[in-house]
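Following: one structure in structure tokens, then a few remarks.
Each reported figure results from applying straightforward, stated rules to the coordinates on display, with no laboratory input. Quick caveat: nothing in here was measured; it's all calculated off a predicted structure. Every residue, glycine among them, receives a Cβ derived from its backbone with ideal geometry; neighbour counts consider all protein chains shown.
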Amino acid sequence: MPFVKKGVVIPDGGASDIDSSWAYNGSVVRFHNKYYCYYLGYTGSIIRICLAISRDLMHWTKKGIVIPAGGAGERDSSHSWKFKAIVHNNRIYIYYIGIGTDAIRTLCLATSKDGLHFTKKGAVIGRGSAGEIDDANIDEGLSIAKRNNKFYAYYGGYDGSNIRICLAISKDGVHFIKKGAVLGLGAVGEIDDIGSVAPEILKSNNKDYLFYTGNDGAVTRICYGSAKDGIHFTRKGVVIGVGAGGEIDDGGLYGPSVFLNNNKFNMLYDGSDGASNRICYAMSN
């Protein structure tokens, strides 16, 4: 499943913008006959969920912050972090990791009728109890899929040492039951032997494709696995590797957002040159 890189499509902003340092972690949905890319804007100290809109996937108009920080004592009082946007019942649902002043990370939900103005619904998945695979934190990205009239939430479970991709299932999109890890660490020496993080799930031709960031401790790459049931995944390896020296992603790739367009896999991902992250675009052959 080779991809052809198309370069940066959503760059970082100007000095006074919310994405002045980084624009990253894009999540794309088709809504009202346009592409809505929700992404994280980072000033160097503040992280917020922002929006850009496009008709052709190449030219984007930024719309600014759509989910602000919560009030004192709320689970997102410090940051609204890694997230996934989906369309459900003609609304945008954004599941995101809220970070409180205590640094605890909780999976939260906000919904919108127009894609611009959101109502927060609060926490839906918290960190696990002592001894569980996610007892340290909910971490490093997530993806949400609808399957068999249920919501499947794939997220990073952190046990204090490593991050694995875990699954929780819900009938209503609010009350989730955890199912444990669906993709653990790779064997020693493999491209994801330190962590498999930032999952993205997509169904095509009766298969579930799980794209994710593989970390070997030195560099991050976009990898994937596949399954027939959304639970038991087989690793397939790297689909987009690190760029050559001097390219925009020569420092690593992260956070794939994948969708089908004209029967091809399209991907927005974070390309790092070691100094900044920018949202890049690639298309499968």
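Results, tabulated for the structure shown:
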| item | result |
| --- | --- |
| Full-extension gain in nm, SER170 to SER284, via 0.36 nm per residue minus C-alpha separation | 37.9 nm |
| Overall dimensions of the range 135-271 by Cα: Rg and Dmax, Å | 14.7, 47 |
| Per-bin percent of Cα-Cα distances, the chain [10 Å] | 7, 31, 40, 21, 2 |
| Proximal lysines relative to LYS150, as straight alpha-carbon distance under 19 Å, when same-chain residues fewer than 8 apart are discounted | LYS84, LYS121, LYS171, LYS178, LYS179, LYS203, LYS207, LYS228 |
| Nearby aspartates and glutamates by direct alpha-carbon distance to LYS146 (threshold 14 angstrom, same-chain neighbours under 8 apart not counted) | ASP172, GLU200, ASP208, ASP229 |
| ALA275 versus SER16: modelled label distance in nm, points set 7 Å from Cα along the beta carbon direction | 2.4 |
| Packing rank of 191-198, 119-126, where each peptide gets the mean count of other beta carbons within 10 Å, highest leading | 191-198, 119-126 |
| Over the range 63-121 - Rg/Rh using Cα atoms and the Kirkwood inverse-distance radius | 0.98 |
| Spatially proximal lysines relative to LYS5 (Cα-Cα < 21 Å; intrachain offsets below 8 disregarded) | LYS236, LYS264 |
| Peptides 215-224, 58-67, 248-257 ordered by average Cβ neighbours within 10 Å, highest first | 248-257, 215-224, 58-67 |
| Projected label distance in nm at ASN206 and HIS32, using a 7 Å step from Cα toward the beta-carbon | 3.8 |
| Per-residue HN-Hα couplings for the range 123-138 [Karplus 6.51, -1.76, 1.60; θ = phi - 60°; Hz; x = Gly/Pro] | 6, 10, 9, x, 5, x, 6, 3, x, 7, 5, 10, 6, 8, 5, 7 |
| GNM flexibility winner over the chain from ILE92, ILE46, ILE144 (Cα, springs under 10 Å) | ILE46 |
| Separation of the SER77 and HIS117 label points, Cα + 7 Å toward Cβ, nm | 2.8 |
| Computed E for LYS179/VAL219 - FRET, C-beta separation, R0 25 angstrom, nearest 0.05 | 0.25 |
| Net length gained if the chain between ARG147 and ASP102 were fully extended (0.36 nm per residue, minus Cα distance) | 12.8 nm |
| Relative contact order [Cα under 8 Å, 6+ residues apart], the range 3-284, whole percent | 15 |
| Highest average packing first - 226-235, 20-29, 47-56, Cβ atoms within 10 Å | 20-29, 47-56, 226-235 |
